[in-house]
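The values are calculated or read from the model by the stated rules, or taken from the named source; none is laboratory data. For clarity, every value in this text was computed on a predicted model and none was experimentally measured. Quick reminder, even Gly has a Cβ in these numbers, built from the backbone with ideal geometry, and neighbours come from all protein chains shown. Calculation scope for accessible area: heavy atoms of the full protein, side chains included, ligands and nucleic acids excluded. Shrake-Rupley method; radii C 1.70, N 1.55, O 1.52, S 1.80 Å.
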Amino acid sequence: MSLPDRENIVQESPVIQTTDLTFAYTKPEVLHHINLSVPKGSIFGFLGPNGAGKSTTIKALLGLLKVKPGMINLFGKELNNNRLDILQRTGATIEIPSIYEHLSARRNLEITQRLRRLPESRIGEVLDIVGLSGDDIKLVRQFSTGMKQRLGLALALLGKPELLLLDEPINGLDPEGIREIRNLLVKLNHEEGCSIFLSSHILDEVEKICTHVAVIDAGKIIYQGETSGIRQKNSPGNVLLMETSDNPGCMKLFPDRLAGKTESSISFHYQSREEISLIIRKTIEAGIEIYSARPESQRLEESFFQLLSGGGVS
Amino acid sequence: MKKELKTLALVIGTELLKLRRTVALWLTILYPLGTVLLASLFMYSMRNNKSFSPTATINNINNVAAFFLPFYVILTISFFCQLEHRNNLFKHLISLPVPRTSFFFGKLIASLMLVALAWLQMILLTYLAMFVLDLIVPKLALIQSLDHLYLLTALGRTFLAAIAMVVIQYYLGLRMRNVVAPISIGTAMAILPIAVLFILGVTGLLSNPRVLSWLPLYNPYTYPYSHVFNIMSGPSYELDLFPSASLIYLLIAVVLAIAGSYEFKNRNFK
């Protein structure tokens, strides 16, 4: 499944807006004056190392923690005064799938369906969506980790949420499961207009599906904005990776562009696509054969670690 | 108000849904069954005793029921609350569009319903036991001479005496993630006063245990025992369903439930 063009979906009005969100279990503070702004219709990746405050932020957004000081607005409404209305429009998974293991998948969904006052037919719909229709009467304790993760997602989807808050939704999934969940989230976002706020350690996945990201470290937001922005702001420039018949000779052709070399490859800095063409043409003109040439921009993972090491933007 | 009651009914309904295949439900089935079986076997062995009567049978069943009641309540309520501590289920429930107080009172009412179910089974099984004893030993004629009101009152006041204990154990169960903690606290509360009586008796400091029969009265976990002391101390046909101490404990239970719901409403779910 190819990624849809989501530019038209993302609206700049924030579906989540926090102001000076601060929380401490005991001193020191776990969240320190967090100002988040999640655009409506976006898939928002929330990144950070273990203990940075990702799960605590999600719990605060769901009203599980009493935040003082600070303010949380969801759908433009203040959370404390509109909690039930906001939760009616929100679905969530927190840390691990919240399921009764001694009950079947259907019975688990039935509990939430009744509490949300939804029609019973909705259970079948979400079981279909997450691909658990054939296992609905099986006890959850017999489920694999991936199946539990999907059931957790089904519980979050039950109320047809306008906003999904997902804490590590692809933890424990195999590559096929990750792909399915990724496609499902993109589909929900694209077709239903559901805004998605997800925390994850798997940066590749965040990079693949998220339109926006925020990076949290030690309870402070150190970056937030579009996913492409984090790469651009931290990138030393784009790099062309080449394998040739004469790497040392090729290096001599562009000594001031050299970005790096390994045993089998060399890389050159470039600013535009025209410069890629120029490098390749001059190499061929010098009688050097090119086996491969691949433009590489900085990956989210590299930008993420640069930010954490203090080399990023605020 | 109507909406709040509907929500409460919804929560109670879902709590009952969760009971399937749980330790709490099994205990609710096995506690009355074991109690009546044990008391019936004892009564069968006493069938030729001159003091044998339907009232003695009821008192016997009531004594055994009262002895096991604190342990039944401690285990059942703790395991019932433990369901929500597994897999972050509390966080999931609290993030649903349902008021926190509805969860608190809904689960509390479901807990009380479990205890009421045990009481109801105890009564039905008592009738069944008497019927079976009559079949085996027809001369006993237990059913014929049974005082139905006495049966309901004796067992009823034992179970009503447990309401404060249910509320305290429920709060402990909701508050503590590790099921061992509420069970340990509850068991200590139930055993300590009896252990004190026993130790005083063994060491000779106390020759007549009835001297300290008030001791269980001031502890909600041993309060049901105090009825047993009363029954043992003389003719029991004048049993009140609601002695004044039970009313005080009921009041304490209501106050504790309201205080617990306030704490639950303002709790941080980490």
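This table checks each residue for (1) more than 26 Å from A:Arg150 (Cβ to Cβ); (2) surrounded by fewer than 24 Cβ atoms within 10 Å (Cβ to Cβ); (3) at pLDDT 90 or above.
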| residue | (1), (2), (3) |
| --- | --- |
| A:Asn35 | yes, yes, yes |
| A:Gly63 | no, yes, yes |
| A:Arg83 | yes, yes, yes |
| A:Glu95 | no, yes, no |
| A:Arg107 | no, yes, yes |
| A:Glu110 | no, yes, yes |
| A:Glu120 | no, yes, yes |
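Screening the candidates B:Phe42, B:Phe103, B:Phe90, B:Phe80 for the property of being within 14 Å of chain A (Cβ to nearest Cβ), in a helix (DSSP H, G or I) and either over 22 Å from B:Ile163 (Cα atoms) or hydroxyl-bearing (Ser, Thr, Tyr) (or both) yields one hit, B:Phe90.
Within region A:103-121, track down each residue that is in a helix (DSSP H, G or I), facing chain B (nearest Cβ under 7 Å) and among the aliphatic types (A, V, I, L, M).
A:Ile111, A:Leu115
When every residue of region B:122-132 is checked against the conditions, at least one turns out to be farther than 30 Å from A:Arg83 by Cα and over 23 Å from the mean Cα position of the chain (by Cα). Taking region A:65-74 as the range and being more than 11 Å from chain B (Cβ to nearest Cβ) and crowded, with 21+ Cβ neighbours inside 10 Å as the test, the residues that pass are A:Ile72, A:Leu74.
Note on region A:212-226: residues that are outside any strand (DSSP E or B) and surrounded by fewer than 21 Cβ atoms within 10 Å (Cβ to Cβ) total 1. The number of residues in region A:75-100 that are touching a helix residue (DSSP H, G or I) at 6+ places or on another chain (Cβ under 7 Å) and either at the interface with chain B (Cβ under 7 Å from one of its Cβ atoms) or at positive phi (or both) comes to 9. Among the numbered criteria (1) more than 30 Å from A:Ile111 (Cα to Cα); (2) buried (at least 16 other Cβ atoms within 10 Å of the Cβ); (3) in contact (Cβ under 8 Å) with a residue 60 or more places away in the chain, which single criterion is violated by B:Val64? That leaves (3) as the condition not met. Output the residue which, of all residues in region A:13-33 that are among the aliphatic types (A, V, I, L, M) and free of Cβ contacts under 8 Å to residues at least 60 places away in the same chain, is nearest to A:Pro69 (Cα to Cα). So, considering only residues that are among the aliphatic types (A, V, I, L, M) and free of Cβ contacts under 8 Å to residues at least 60 places away in the same chain, the one nearest to A:Pro69 (Cα to Cα) is A:Leu21. Screening the candidates A:Pro161, A:Pro169 for the property of being open to solvent by less than 30 Å² (accessible area, probe 1.4 Å), closer than 18 Å to A:Leu184 by Cβ and more than 12 Å from chain B (Cβ to nearest Cβ) yields one hit, A:Pro169.
Return a yes/no flag: does region B:8-29 have any residue that is more than 14 Å from chain A (Cβ to nearest Cβ) and surrounded by fewer than 18 Cβ atoms within 10 Å (Cβ to Cβ).
So the first thing to find is which residues in region B:8-29 are more than 14 Å from chain A (Cβ to nearest Cβ), and the list is B:27-29.
If we keep only those that are surrounded by fewer than 18 Cβ atoms within 10 Å (Cβ to Cβ) as well, we get B:29.
The answer is yes; a qualifying residue exists.
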